[in-house]
């Protein structure tokens, strides 16, 4: 069974969703038969390579709220993340374009290191205050998970895997994916948002037992927390 996860490395709910999915997978009896594939999704494709505006100021300007209200928004997601064992430091987050980060994740996939690369980049952004658009920072993360430094630098200096990133994004549009995280199980079931682990586990079991066109699977009530285009969270 294949689970594809559309995600961006600067999406807080994607990191929360990753942990919840891992929890669900750990409880799934046939976990060894599940192939997990990370798919590219840029929250803000037009973001500059580097952005010196701090996250609080960015949120305040984007949503027309005060800095205190923006801090409260960050506090809410930080609290949710802490419940999943994640120590967010959004006060240190350094914004920037994520296209090259996604290309690097595709390179890692070719060596069976995709999940480790995804994890490393999310940790860099959310807990360590490291820019995920800076090439030197990306190379350090690549080496840390076991990729060759020279190969990572060659990739970042050129356009390798750019087509694969665009293909993932085109696939998302075809499937009607407008926010992340979004989990697709065997191209039959869709799970929107950072749903609780129990919901994700139920979806895995349902997908294994039933075979039908892609259907939304979610918990009762409002849709799961997610990030939309242009960084909407």
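A short reminder: the numbers here are calculations on the coordinates, not readings from a lab. Here the structure is a predicted model, which is why all the values come from computation and not from measurement. With ideal geometry, Cβ positions are generated from the backbone for all residues, glycine too; neighbour counts draw on all protein chains shown.
Scale the Cα Rg of segment 113-156 by the rule-of-thumb value 2.2 N^0.38 Å and send over the ratio, two decimals.
Working: Rg = 9.6 Å, N = 44, 2.2 N^0.38 = 9.3 Å.
Cα-based Rg divided by the globular estimate yields 1.04.
Kirkwood Rh over alpha-carbon pairs of the chain, then Stokes-Einstein at 10 °C and 1.306 mPa s: what D in µm² s⁻¹, rounded to an integer? Present the calculation step by step, with values, prior to reporting the outcome.
On the way: Rh = 18.0 Å.
Result for D is 88 µm²/s.
Extension gain residue 159-residue 174, at 0.36 nm per residue separation less the Cα-Cα distance, in nm? Present the calculation step by step, with values, prior to reporting the outcome.
Working: separation 15, 0.36 × 15 = 5.40 nm, distance 2.40 nm.
Fully extending the segment from residue 159 to residue 174 adds 3.0 nm.
For segment 27-118, state the average projected area of the convex hull of the C-alpha atoms over all orientations, rounded to one decimal in nm².
Details: hull surface 31.3 nm².
With every direction weighted equally, the projected area is 7.8 nm².
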List residues of segment 2-32, by number, whose backbone nitrogen lies under 17 Å from a label position 7 Å along Cα→C-beta of residue 208.
2-4, 21-32
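Considering only the chain, what is the antiparallel percent among its DSSP beta bridges, to the nearest 5? Present the calculation step by step, with values, prior to reporting the outcome.
Working: 9 of 17 bridges.
Approximately 55 percent, going by the DSSP bridge assignments.
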Most exposed first by the Cβ proxy, i.e. fewest other Cβ within 10 Å, how do 71, 20 rank?
71, 20
Arrange 227, 14, 233 by Cβ neighbour counts within 10 Å, fewest through most, would you?
233, 227, 14
Where a label projected 7 Å from the Cα of residue 75 along Cα→Cβ would reach, residues of segment 1-33 with amide N under 12 Å:
none
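Note down the relative contact order for the chain as a percent, whole number, built from C-alpha pairs under 8 angstrom at least six residues apart. Don't jump to the answer; show the numbers that get you there.
Values: 399 pairs, mean separation 67.5, N = 233.
Rounded, it is 29 percent for the chain.
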Which value in deg cm²/dmol, rounded to the nearest 500, describes the helix-derived mean residue ellipticity at 222 nm for the chain, given -39,500 (n - 2.57) per DSSP H run of n ≥ 4 and division by the residue count?
-15000 deg cm²/dmol
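As a footprinting exposure proxy, order 183, 99, 21 by other Cβ within 10 Å, with the fewest listed first. Don't skip to the end; give the middle numbers.
On the way: 183 27, 99 18, 21 23.
Starting with the residue having the fewest Cβ neighbours, the order is 99, 21, 183.
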Please list the radius of gyration and Dmax for segment 1-77, considering alpha-carbon atoms only, with Å as the unit.
16.7, 48
Quick one: check the C-alpha center-to-center distance for segment 31-87 versus segment 143-161, whole angstrom.
25
Would you mind telling me which residue in 92, 174, 19 has the biggest mean-square fluctuation in a Gaussian network model of the chain, where springs connect alpha carbons within a distance under 10 angstrom?
174
Hey, in the GNM for the chain with a 10 angstrom Cα cutoff, which one of 84, 149, 209 fluctuates hardest?
209
Choice from 129, 17, 64 showing the highest fluctuation, given a GNM over the chain with Cα pairs closer than 10 Å
64
